[in-house]
Amino acid sequence: MKDPLLISNPTRRNFLTRAVVAAVAAPLAGNTYARSSTAQVQSDSALPAVEPFWGKHQGGIATPIQRNTYFMAFDVTSVDRAELIALLTAWTNAAADMTQGPAKADPHADPQQAPTDSGAAVGLSASRLTITFGFGPTLFSKDGVDRFGIAAKRPAALADLPRFSGDQLVPERSGGDLSVQACADDAQVVEYAMRRMVSLAQGIAKIRWAQTGFTAGFNANETPRNQMGFKDGTINVATRNPAEMHQFVWAGDEGPEWMRDGSYMVIRPIRIALEHWDKMKLSFQEQTIGRHKLSGAPIGSRHEFDRLDLAATDKEGNLLIDENSHVRLSAPESNDGAQILRRAFNYDNGVAQIAERWPPWRQLTTFDAGLLFQCYQRDPRTGFTRMFEKMSKFDMLNQFTTHVGSGLFACPSGVQPGEFIGKKLFI
């Protein structure tokens, strides 16, 4: 029997709309149990952690990064405002249910009917699952049409990203009206969560593009290494520092009310020529990054968290940290103090036919892998855009990286019980 979450029947539009609305109105099985048991889960170290869903901010932003992610962008096919609201409400309720896990099977399921749930997560814990939602620029206006009566509420900070030097963006891996991202420590949990979201969207929204990702299993107090072998994320906004989060990440009174305590997310799949990188001399790799590979320390220093001294020179007066190194160009000191909350994952899509960028310039089958770059900021114009305009032109790392996709999304504030994500946008 086919899993009902994978069955698509777009011709039954009215039926699907009624189904979504019914899901909104009906209480979700397991919600009451899951919420009441949260305190127990959090206090018992023998049980897996459960991340809160309801609150001032959405989960998956300041949350300590999980092992796996599944990002998906959707295009809304309906032009009915009520259907969009019904979808957002159904998504909100489903996310609240799944994040509080564990998933349970229905012992009274009718064997003559398709199951209402795939069952793929039965027996699995929530694994710190978070589900984060975003609204893309085209949700507000698409081809000059204000489909949902919200064009006037588009934040100025949700300005389209400029085209950067070296961009090779694939339309099928860029944009989107809506974004949904599941993150958890169990890969099957994130896949299950996204299948459920896709099922609820049928007849109202369709998948535009998606990307899975992973992080390495380093200790919580250890900076993880990326696929290039370097520590990744040494300099980042301190998520436990409310002042830094307010200054650099959470949207404030400068924008519309519906975005206060939310954040703006930039996400970009960046393919990395890993085979070519692996053949470079260690000294060149360290010069390109601006840090020592083993320790993570800035060039000329001994420890990872030593101060980044951009003025340090050798005996001949040459800069120790190259003027076009990755760390110099991305440092706050090089960008008028701008900072972003970086929350990136590695990705590996297997292999693909890719044109080499170096002699002998062949077409070859190689790793389709790299970085699912993701960052949050109070305003992309003074965050990612300010930083990357310079980096896209001069960063030494560019000879190994290609930006193949791009998305910009306004992630509204968190949700309180009885609300749906982005409710204030539609008031």
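Structural remarks
- Region 181-239 and region 361-415: distance between their alpha carbon centers, rounded to Å: 16
- Modelled FRET efficiency - R0 35 Å, Glu275 with Ala105, Cβ distances, 0.05 increments: 0.20
- Charge dipole of the chain about the Cα centre (unit charges at C-beta), most positive-ward option of Gly149, Leu319, Ile427: Gly149
- Cross-link partners of Lys424 among aspartates and glutamates (Cα-Cα below 19 Å; sequence separation of 8 or more within a chain): Asp80, Glu83, Asp146, Asp177, Asp253, Glu254, Glu257, Asp261
- Choice from Asp348, Asp336, Asp117 showing the highest fluctuation, given a GNM over the chain with Cα pairs closer than 10 Å: Asp336
- Between Leu169, Leu294, Leu364, the Gaussian network model of the chain with springs among Cα atoms under 10 angstrom shows the greatest mean-square fluctuation at Leu364.
- Phe214 versus Arg357: modelled label distance in nm, points set 7 Å from Cα along the beta carbon direction: 2.5
- Net lengthening on full extension, Gln112/Lys206 (0.36 nm per residue, minus Cα-Cα): 31.0 nm
- Rounded to the nearest Hz, the phi-derived 3J(HN,Hα) couplings of region 196-213 under the Karplus curve 6.51 cos²θ - 1.76 cosθ + 1.60 (θ = phi - 60°) are 5, 5, 5, 4, 5, 7, 4, x, 10, 9, 10, 5, 9, 7, 8, 7, 8, x, where x marks glycine and proline.
- Those residues of region 399-427 whose amide nitrogen sits under 11 Å from the label point placed on Arg81, 7 Å along Cα→Cβ: 426-427
- Pairs over the 28 Å Cα-Cα cut-off, from the set Lys56/Lys142; Lys206/Lys393; Lys231/Lys390; Lys293/Lys315; Lys206/Lys390; Lys281/Lys393: Lys56/Lys142; Lys206/Lys393; Lys206/Lys390.
- Karplus-derived HN-Hα couplings along region 334-349 (A = 6.51, B = -1.76, C = 1.60, θ = phi - 60°), whole Hz, x at Gly and Pro: 9, 9, 6, x, 5, 9, 10, 8, 8, 9, 9, 10, 7, 9, 8, 9
- The chain pair-distance distribution - Cα-Cα, 20 Å bins, rounded %: 25, 55, 19, 1, 0
- Remark: spin-label model distance Ile427-Ala238 equals 3.4 nm, labels positioned 7 Å along the Cα→Cβ axis.
- Label point 7 Å beyond Cα of Phe284 along Cβ direction - residues of region 306-330 with amide nitrogen under 16 Å: 325-326
- When the chain is treated as a GNM with alpha-carbon contacts under 10 Å, the residue of Lys206, Lys279, Lys56 showing the greatest mean-square fluctuation is Lys279.
- Integer Hz, Karplus 6.51/-1.76/1.60 couplings in order for region 368-375, x for Gly and Pro: 9, 9, x, 10, 8, 5, 8, 9
- For Ser406, the residues whose amide H sits under 5 Å from its own are Ser174, Gly175, ignoring neighbours fewer than 5 places away on the same chain, with H placed 1.01 Å from N.
- Pairs of alpha carbons in region 275-427 whose separation is greater than 18 Å (percent): 69
Any read-out appearing in this document is the output of simple, stated calculations on the displayed coordinates, not a laboratory observation. Please read all numbers here as calculations on a predicted model, not as lab measurements. Ideal geometry is used to build each Cβ from the backbone, glycine not excepted, and the neighbour counts take in all protein chains shown.
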